1. Mind checking which lysines have their C-alpha under 30 Å from K122, skipping anything on the same chain fewer than 8 residues away?
2. What is the percent of Cα-Cα separations in the stretch 40-208 that go past 20 Å?
3. If the chain between V195 and K163 were fully stretched, how many nm would it gain, using 0.36 nm times the residue separation less the Cα-Cα distance?
4. Applying 1/(1 + (r/R0)^6) with R0 = 22 Å to the Cβ-Cβ distance of A129 and S58, what FRET efficiency is obtained, to the nearest 0.05?
5. Would you mind calculating the gained length between K202 and L47 on full extension (0.36 nm times residue separation, minus the Cα-Cα distance), in nm to one decimal?
6. Got a sec? How would H60, H177, H71 order by Cβ neighbour count within 10 Å, fewest to most?
7. May I ask you to compute the full-extension gain from F172 to A95, defined as 0.36 nm times their residue separation minus their alpha-carbon distance, rounded to one decimal in nm?
Amino acid sequence: MSRTEAGAPLSGPGTPADLYAEGAHGNAYYARVARSEPCVMELVSKLAKEPWTDRPSSVHPVLGAVARTVHDYSSRAGQRALLPLAPSFLATAQAGFESSARLVALCVSAALTSPDPDCITKDERGRLAGAQETALYLLASRPTDQRPGGLARWWLPVLDRLKLSESFYRGFVATEHAAEAVAVAARASRGDSDVRLRRLLKQCLATV
């Protein structure tokens, strides 16, 4: 168990809050942004010796999108509980459809099996279904007798010809799909979103 999980102070040399303060004071832009708690992604950027940012290049972009959304929908206590996970994000960036699609499928599944599914709108269900269909299509190595869901049935073959489909999915499409799924899961959690979101983030970390 980490010092943070054990209830130790979040301040002092070498602690997450100390790293956050050092990074914030070292960057004029971030020093102007008021944050109640540091984002776990910002701590990862510090650990990776990258510029202070919530989008470190050493982290898989879909995993980063999940982490930022989990942070945004967590309470202050929930945000603090995410900080010990920071080292697990290091060196997760990798190309390939599989990791991106697995993360999307996992987040969509969490959203659709939330305790309060009635709060999910019809439009959200449609987008989540399309995201899940596309992810499963990619995980199945794109069988010829199936089609991806949503807009992917149009952009995927076009970008395939330009050899841009994987990077577009990883950097733009899958990040949006995963982030929306996490937001829906948080809203449909019936009050225990901190626990559910942290568990989902840990499951995502285990897939990359």
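Quick note: the coordinates plus some simple rules give every number you see, no bench work behind them. On a predicted model such as this, the values are computed, not experimentally measured, just so you know. Every residue, glycine among them, receives a Cβ derived from its backbone with ideal geometry; neighbour counts consider all protein chains shown.
1. K202
2. Numbers: 7072 of 14196 pairs.
Roughly 50 percent, once rounded to a whole number.
3. Working: separation 32, 0.36 × 32 = 11.52 nm, distance 3.98 nm.
Going from the current span to full extension adds 7.5 nm.
4. Working: r = 32 Å, r/R0 = 1.47.
In this case the efficiency is close to 0.10.
5. Details: separation 155, 0.36 × 155 = 55.80 nm, distance 1.85 nm.
Computed gain between K202 and L47 is 53.9 nm.
6. By the 10 Å Cβ count, ascending: H71, H60, H177.
7. Working: separation 77, 0.36 × 77 = 27.72 nm, distance 1.32 nm.
My answer for the length gained is 26.4 nm.
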